[in-house]
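Okay, so here's the structure we're looking at.
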Amino acid sequence: MPTQQSKVKPGSPVIGAARKKLAADLKKKYDSGASIRELAEEIGRSYGLVHRILSESRVTFRPRGGARHGKKSESAA
């Protein structure tokens, strides 16, 4: 899901209008299915920063681990 979005300069604080724009972009991509790790790699920043920004944006986080394939219910055994 690579895009032409510029990377955020590592180590520099993301504040003000730049943080609001980044938050909106990350929220939109996360809600469209991108993972936090994919978003972090795309912008060149840490998982923790992306998670924090999404949390501040009040995103509803998906469960960890992605889709589980092949899981059988107890009644199917």
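The values are calculated or read from the model by the stated rules, or taken from the named source; none is laboratory data. Please read these numbers as outputs of a predicted model, since none were measured by experiment. Note: ideal-geometry Cβ built from the backbone for every residue, glycine included; neighbour counts use all protein chains shown. Heads up: the accessible areas ignore ligands, DNA and RNA and are worked out on the full protein's heavy atoms, side chains in. Shrake-Rupley method; radii C 1.70, N 1.55, O 1.52, S 1.80 Å.
Within region 31-45, how many residues turn out to be surrounded by 13 or more Cβ atoms within 10 Å (Cβ to Cβ) and either out of contact with any helix residue (DSSP H, G or I) (no Cβ under 6 Å at 6 or more places or on another chain) or among the acidic types (D, E) (or both)?
Within region 31-45, residues that are surrounded by 13 or more Cβ atoms within 10 Å (Cβ to Cβ) and either out of contact with any helix residue (DSSP H, G or I) (no Cβ under 6 Å at 6 or more places or on another chain) or among the acidic types (D, E) (or both) number 8.
What's the number of the only condition in (1) open to solvent by less than 100 Å² (accessible area, probe 1.4 Å); (2) at pLDDT 90 or above that Q5 fails to meet?
(2)
Quick check on region 8-21: of everything there that is surrounded by 12 or more Cβ atoms within 10 Å (Cβ to Cβ) and at pLDDT below 90, which residue is nearest to E56 (Cα to Cα)?
V14
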